[in-house]
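The values are calculated or read from the model by the stated rules, or taken from the named source; none is laboratory data. None of these values were measured; they are calculated from a predicted model. Neighbour counts run over all protein chains shown; Cβ positions are idealised from the backbone, glycine included. When the accessible area is computed, the model is the full protein with side chains, heavy atoms only, and any ligands, DNA or RNA have been set aside. Shrake-Rupley method; radii C 1.70, N 1.55, O 1.52, S 1.80 Å.
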Amino acid sequence: MKRFLYLPIVFVLFLIPGFPGLSAPNLPTPESHFGYTPGADRKLMTYEEQINYLQKLSANSDRILLKKEGESPMGKPMYLCFISSPENIRNLNALKEINRKLALEPSLSDTERKKAIENGRVFLLETLSMHSNEVGPSQAFPLFAYQMATTTDPGTLKALKNVVLMVVPCHNPDGMDMVVNWYRKTLGTKYEGSSLPGVYHKYVGHDNNRDFVTLTQKDTRVIARIYSTEWYPQVMVEKHQMGSSGPRFFVPENHDPIAENIDAGLWNWMKVFGADLSRDMTADGLKGVVSHWEFDNYWPGSTETALWKNVISFLTENASCRKATPVFVEPTELRAWGKGLSEYKKSVNMPEPWPGGWWHLRNIVNYELSSMRSILNTAAANRTAILKFRNNMCRREVKKGMTEPPYAYVLPAIQYDPGALADLVDLLHLHGIRIYRLTEDKLDGTRQYRKGDVVVPLAQPYRSFIKEVMEKQVYPVRHYTPGGKVIQPYDITSWSLPLHRGLTSFTVTSSPDILKGSMAELKDALVQNTSPALPAKFFALGLSANFNDSYEAAFAALDAGIPVLRLTASAIQNNTTLPAGSFLLVNDAKSSKKLAELVQSLKISPAILKTRPDVLTTTITKRRIGLIETWRHDMDAGWTRFIFDQYHIPYTVLHPADLEKVDLKSFDVLVFPDANKDVLLSGSYKGKSGYMPINLPKKYRKGMGEKGKMNVISFLNSGGIILSWRSSTGLFTGNLKLPLELRGHKRKKTKKKEKPKSESFRLPVRDLSKSARSQGLYVPGSLLKMELIHPHPLTWGMPAETAVFSRGTPVFRTTIPIQDMDRRVVGFYPRSHLLVSGYLEGESALAFHPAMIWLKKGKGQLVLYGFNPQFRASTPGTYKLLFNGLLLPGLP
């Protein structure tokens, strides 16, 4: 007796009317090219194999054009695949100009606008498989491209006349090859279908979909340029996968909370696409399509950040198998989770549940092909309305900027760290934002703006984006029921560019005309490199500790072998004040040539010191840094590697198991990013019933173990420096062990092999997170106020008060030290008003607790951060707290 309903094995692709049974001349079928039909069990194509096939289609079909758009972080070419009618393909440049006008020109005459809408086409951008373990969209695309190149279906041909599809065949080429090669390597073993050890990206893995505000990664910039400043599509969809045991396919609309800066029209258009997707896919016999579930649309940072630029933007999520290995899902295993679906049952959000059974890669491909076709048809059916809407949005946003406060943001030219302002200007330019500078002083009530200040007006087409990233975030609290539980966000709640960079920014609300006639557009970089002419003789170049760029220059100097000193107190030379912690790049016979070369690349103008300052200095040397990165998709370690590479900080990656056997005496500093304590120790997460097994070969399952942990503590006791933040701090807040011989005891020689004897101790710090959570502490990624002590080497270059990116835990408490230990609370949360941007519940559980602690044990130093000092490379305002830790002077 059959227990389950099964999805049809025949691909939906071949059920579509007009799909040819035989290949068109000169166009190889996917099956003939790859040797299998994409979606077949246990078969995955690499990125190069996928692109090779698309190049053949492009060379032999007048409906397809493959165009290189940029490079991935590891140097692979990234492409856009245009699919449309031959006429549209020939006229891409003219259509591109129409897109630009509709997107950016609010003052088009009625005649120009009518003509643009009549001649324009809907440009539909689809980005595939940015998360490389979500293989289905990229694997499906060759089938879809072949169908579009060969179809004779009148409806499809008509759609291609009205729409230009722009498909990024793989958003993450580097990760695609990593995952496919790992799958092939483990094929036929018990680890078949297992997760790739490490991150599927050069740096950030899954977090590549968190980078679309800060645009730090090369692949992110390629995609953002397509919709922000180059092609201006009207519709964008990013295609993902999710877990195996729930709904089969997510379509819009999203669940609350939603971004309040987004125009209602964009949300309504998403509903149109979502409703059509649900109807069309169900009509194709595909079950388990769900909407208004789990995925909110509150925070920018994903590819859908295009939504803030007037692009109808949404994501789809497809259920997963084990890469290309099928899974069998029991009906009793099907479950609902998250917002919008309390039970796995027929509901308004999931009208036809999937019953369970086998789930193959070919099923995933079927759903992708059906969804791609639906989105194409919806765009085509609404061509005129969508093009008109795009220009309406341009007009509406510009008008809002002229009639509704805020009217502009003003960033004073004089900042604590002017380099942070220059970087922000560059970033906003990448986003397609127009920037201006004041040409004269202006008074706005009691606030004085100065000539040279940077102005970001809101009367721009991308007004929603400007406001979203320039203001402080206030979470839109929504409840499941009146007065009931608060709906929690999917991701973080703070991303303000000025606040995360420690910049002063003012909001103009008095009048839209207050700065009128007093601005000139800034089209280039804010600061151009003006390398000073170096005199024949001088002592050193001075670089202020207040500037992140100074640290980059100092690390580069160390790497080049240039002597570097740090001031231990402020100094004044040539009318220039250098604060404590500032760097002196020393000019001597061996370094003068290298110093002259380094000056050419400096982003800041150094002070030229003719003589040595009359204050105490400390010599810093190139640090030997060990960066601990787990095999469990360790994104925070990846972000740390990225920051280190950007700032010329050399490091060696150590995996936890290495700490058992590596001689740690070859390192000066060990860095433990935000990683689970149990993963670091045992290689696995620990649940209520014990450690959760991991499906990876033994090499990737091991943690540091007790021996490795003891080696780390021995490293600390012997004079090493350890930096640890967030979850990894749990390694150091409980009972610790140190071999007795390191305490001055000598073990008696014995013929029998003995286990090393050790002594237990606890550092003078505790983690009160469990208690704090029971008191209602909840911080879903917010910016919190922290006060810093001065003077201290860890706070050199920092203001007395700063804002840190926090998720609330750990919650530290220090105690009076004993033996050879000491502690200093370097940074702490104030007694009240902690929240700077984002959302916070249970403030009292965190108030007046340490946020950053310096500890001494034996000859060594340990710095614990209760926050991420480099969170997703989006918090430059606190980078110096990390850099100062790397450069801590040794104990006397």
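Rounded to whole Å, give me the distance from the Cα center of the stretch 434-490 to that of the stretch 554-610.
Distance between centres, Cα-based: 37 Å.
The stretch 756-892: D in µm²/s via Stokes-Einstein (Kirkwood Rh, Cα pairs, 4 °C, 1.567 mPa s)? Walk me through the intermediate numbers first.
Details: Rh = 15.6 Å.
For these conditions, the coefficient is 83 µm²/s.
Could you point to the residue in Leu768, Asn349, Asn574 farthest towards the positive end of the chain's charge dipole, with +1 and -1 charges on the Cβ of Lys/Arg and Asp/Glu respectively?
Result: Leu768.
Ratio of alpha-carbon Rg to the 2.2 N^0.38 Å globular estimate for the stretch 566-717, to two decimals, please.
Cα-based Rg divided by the globular estimate yields 1.44.
How do His206, His792 rank by accessible surface area computed with a 1.4 Å probe, from largest to smallest?
His206, His792
Rounded to the nearest 500, what is the chain's calculated 222 nm mean residue ellipticity when only DSSP H runs of at least 4 contribute -39500 (n - 2.57) each, over all residues?
Numbers: 23 runs with 249 residues, N = 892.
Taking each H run of at least 4 residues, the total per residue is -8500 deg cm²/dmol.
Return the ratio Rg/(2.2 N^0.38 Å) for the stretch 280-333, where Rg is computed over Cα atoms only.
Taking the Cα Rg and dividing by 2.2 N^0.38 Å, one obtains 1.53.
With every protein chain left in place, what is the accessible area per residue of the stretch 254-360 in square angstrom, probe 1.4 Å?
So the stretch 254-360 comes to 34 Å² accessible per residue, rounded to a whole number.
Would you mind telling me the antiparallel percentage of the DSSP bridges in the chain, rounded to 5?
Antiparallel bridges: around 70 percent, rounded to the nearest 5.
Ratio of alpha-carbon Rg to the 2.2 N^0.38 Å globular estimate for the stretch 58-128, to two decimals, please.
Relative to the rule-of-thumb radius for its length, the stretch 58-128 sits at 1.34.
Between Ala264, Phe295, Val237, whose Cα lies farthest towards the positive end of the dipole of the stretch 212-297 when Lys and Arg beta carbons carry +1 and Asp and Glu beta carbons carry -1, centred on the Cα centre?
Val237
With 20 Å as the cut-off, how large is the P(r) tail for the stretch 819-892, expressed as percent of Cα-Cα pairs?
When every Cα pair of the stretch 819-892 is considered, 42 percent fall beyond 20 Å.
Just to be sure I understand: if I project the alpha-carbon convex hull of the stretch 588-634 onto a plane and average over all orientations, what area do I get in nm²?
One quarter of the hull surface, i.e. the mean projection, equals 6.6 nm².
For the stretch 361-448, list log₁₀ I(q)/I(0) at each q in 0.13, 0.20, 0.26 Å⁻¹, using the Debye formula over Cα point scatterers of equal strength and ignoring solvent, two decimals each.
Cα-only, vacuum Debye calculation for the stretch 361-448: -0.75, -1.09, -1.27.
How large a share of the accessible area of the chain, in percent, is made up of carbon and sulfur atoms when the probe is 1.4 Å and the other protein chains stay in place?
51 percent
Mind checking Rg over Rh on the stretch 246-322, alpha carbons, Kirkwood formula for Rh?
My calculation of the ratio gives 0.99.
When the C-alpha atoms of the stretch 267-387 are aligned to their principal axes, what extent does each axis show, in angstrom, from largest down?
That gives 45, 28, 27 Å along the principal axes, largest extent first.
Report the charge-dipole magnitude of the stretch 190-286 in Debye, nearest 20, computed about the Cα centre from +1 at each Lys and Arg Cβ and -1 at each Asp and Glu Cβ.
380 debye
With Kirkwood's inverse mean 1/r over C-alpha pairs for Rh, give me the Rg to Rh ratio of the stretch 16-175, two decimals please.
1.01
Enter the Cα centre distance for the pair the stretch 506-551 and the stretch 673-690, rounded to the nearest angstrom.
Value for the Cα centre distance between the two parts: 46 Å.
Charges at C-beta only: +1 for Lys and Arg, -1 for Asp and Glu. How large is the resulting dipole of the stretch 778-892 about its Cα centre, in Debye rounded to 20?
Details: 11 positive and 6 negative charges, 53 e Å.
Dipole about the Cα centre, nearest 20: 260 debye.
Once you have the Kirkwood Rh of the stretch 116-264 from its Cα pairs, apply Stokes-Einstein at 4 °C and 1.567 mPa s and quote D in µm²/s. Numbers along the way, then the final one.
Values: Rh = 17.8 Å.
Value of D from the Cα-based Kirkwood radius: 73 µm²/s.
If you average the alpha carbon positions of the stretch 158-231 and of the stretch 756-779, how far apart do those two centres end up, in angstrom?
Using only Cα atoms, the two centres lie 39 Å from each other.
So for the chain, considering every pair of alpha-carbon atoms, how many percent are separated by more than 55 Å?
16 percent
Here are some pairs, Lys323/Lys699; Lys67/Lys699; Lys610/Lys880; which of them have Cα atoms lying more than 32 Å apart in this structure?
Details: Lys323/Lys699 21 Å; Lys67/Lys699 41 Å; Lys610/Lys880 27 Å.
Flagged as over cut-off: Lys67/Lys699.
Rounded to the nearest 20 Debye, what is the dipole magnitude of the chain about its Cα centre when Lys and Arg each give +1 and Asp and Glu each give -1 at the C-beta?
Dipole of the chain, to the nearest 20 debye: 2880 debye.
Over the stretch 22-108, how many percent of alpha carbon pairs lie in each 5 Å bin up to the one with the longest distance?
With 5 Å bins starting at 0, P(r) equals 3, 12, 16, 17, 17, 14, 9, 5, 4, 2, 1.
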